[in-house]
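Chemist: Got a structure for you, written out below as structure tokens; questions coming shortly.
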Amino acid sequence: MENGGDQTRMCRHIAIIMDGNGRWAKERGKIRSLGHKEGLKSTKRLIQHASDRGLKFITLYAFSTENWKRSEEEVSYLMNLIHLHLRQEMKFYKKNRIRVRFIGDLSRLNPSLQEEMKSVERDTAEFDGLTVLLAINYGGRDELRRAVQKMIDSGISRPVTEADIESCLDTAGIPDPDLIIRTAGEQRLSNFLMWQSAYSEFWYSPKLWPDFGPEDFDEAVDAYFGRERRFGGIK
Ligand code: FPP
């Protein structure tokens, strides 16, 4: 998505912290997991909308390294929801030429889920539309820890550059997020894309994730285009 062809006014990558599923369910007297089920509908609607608008990258925080602290029931519900989505939505991704990739430490996930993830990545690898990055068992600190470990393992013996670090991140080769959206009124980063968000613009919505629709996304994008990004310089 561009605005007047000015490089600093481009919006290539939007990252979203999809918060408020639990509250959505609680407000309706339902169990938390049903909030996630409803949240996934919202996620799919948003992916379709971002794809229609010509966005290049969208990153979605689906499961953090801290989310394991939730009840076993909720964790397994979320994992199954993600698994089922990947198994059932290949047609949706294919029709929209959407590429799906994953960030996070996938090695701790159920082996059959890991297999499904690899297969979806492989089957969508050639698609040239929107790239959806699903962050699963993702934490910014854990990503940096793994990046440092990769560098040590590579035996690097010269001074480390920012480019070295970037090339070891899960997001290697992907532009930093221009805009980070968080729903449900919380205003914090919660260990999401810590390195990559250095110059991201932030947009907070009071709406709970299942209620966050395309019109809210458009409002965030419009606000983004109204901001002046200086990247530490002076206009
Ligand atoms: C935060 O709400 C939401 C999550 C931890 C899970 C988000 C996951 C989905 C919407 C499903 C995504 C699946 C795919 C395949 C993209 P919360 O539970 O922290 O809400 P609360 O703060 O109201 O309790």
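The values are calculated or read from the model by the stated rules, or taken from the named source; none is laboratory data. For clarity, every value in this text was computed on a predicted model and none was experimentally measured. Cβ: placed from backbone, ideal geometry, glycine included. Neighbour counts: every protein chain shown. Side chains included, ligands, DNA and RNA excluded: accessible areas come from the protein's heavy atoms. Shrake-Rupley method; radii C 1.70, N 1.55, O 1.52, S 1.80 Å.
Chemist: May I ask you to list the residues in segment 215-225 that are away from the ligand (no atom under 16 Å from the Cβ) and closer than 21 Å to Phe57 by Cβ?
Modeler: Asp218, Glu219, Ala220, Val221, Asp222, Ala223, Tyr224, Phe225
Chemist: Would you check which residues across segment 39-59 are within 12 Å of the ligand (Cβ to nearest atom) and either surrounded by 19 or more Cβ atoms within 10 Å (Cβ to Cβ) or assigned to a loop (DSSP other than H, G, I, E, B) (or both) and list them?
Modeler: Correct list: Gly39, Leu40, Ser42, Thr43, Leu46, Ile47, Ile58, Thr59.
Chemist: Also, I was wondering about something else. Cβ-Cβ below 7 Å, separation at least six or inter-chain, first residue in segment 152-179 and under 20 Å from Gly104 (Cβ atoms), second acidic (Asp, Glu) and modelled with pLDDT of 95 or more: which pairs?
Modeler: Leu169/Glu143; Asp170/Glu143; Ala172/Glu166
Chemist: Filter segment 161-190 down to residues that are buried (at least 17 other Cβ atoms within 10 Å of the Cβ) and not small (Gly, Ala, Ser), then give me how many there are.
Modeler: Residues in segment 161-190 being buried (at least 17 other Cβ atoms within 10 Å of the Cβ) and not small (Gly, Ala, Ser): 13 in total.
Chemist: Looking at Trp24 and the list (1) more than 8 Å from the ligand (Cβ to nearest atom); (2) in contact (Cβ under 8 Å) with a residue 60 or more places away in the chain; (3) crowded, with 17+ Cβ neighbours inside 10 Å, which single condition is not satisfied?
Modeler: (1)
Yes/no per residue for (1) more than 18 Å from the chain's Cα centre (by Cα); (2) assigned to a loop (DSSP other than H, G, I, E, B):
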{"site": "Glu74", "(1), (2)": "yes, no"}
{"site": "Met79", "(1), (2)": "no, no"}
{"site": "Lys94", "(1), (2)": "yes, no"}
{"site": "Arg101", "(1), (2)": "no, no"}
{"site": "Val132", "(1), (2)": "no, no"}
{"site": "Ile136", "(1), (2)": "no, no"}
{"site": "Ala147", "(1), (2)": "yes, no"}
{"site": "Lys150", "(1), (2)": "yes, no"}
{"site": "Ala172", "(1), (2)": "no, yes"}
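Chemist: Of the residues Met10, Met79, Met18, Met1, only one is near the ligand (Cβ under 7 Å from one of its atoms) and not small (Gly, Ala, Ser); which?
Modeler: From the options Met10, Met79, Met18, Met1, the qualifying one is Met18.
Chemist: Next question, about the same structure. Report yes if some residue within segment 6-21 is within 23 Å of Lys94 (Cβ to Cβ), open to solvent by 10 Å² or more (accessible area, probe 1.4 Å) and assigned to a loop (DSSP other than H, G, I, E, B); otherwise report no.
Modeler: Yes, segment 6-21 has at least one match.
Chemist: With respect to the numbered conditions (1) without any contact (Cβ under 8 Å) to a residue 40 or more places away in the chain; (2) over 20 Å from Lys41 (Cα atoms); (3) part of a loop (DSSP other than H, G, I, E, B), which one is the sole condition not fulfilled by Trp203?
Modeler: Single failed check for Trp203: (3).
Chemist: Right, here's the next one. Kindly provide the set of residues from segment 191-213 that are among the hydrophobic types (A, V, I, L, M, F, W, C), open to solvent by 50 Å² or more (accessible area, probe 1.4 Å) and touching a helix residue (DSSP H, G or I) at 6+ places or on another chain (Cβ under 7 Å), ordered by number.
Modeler: Met194, Trp195, Trp203
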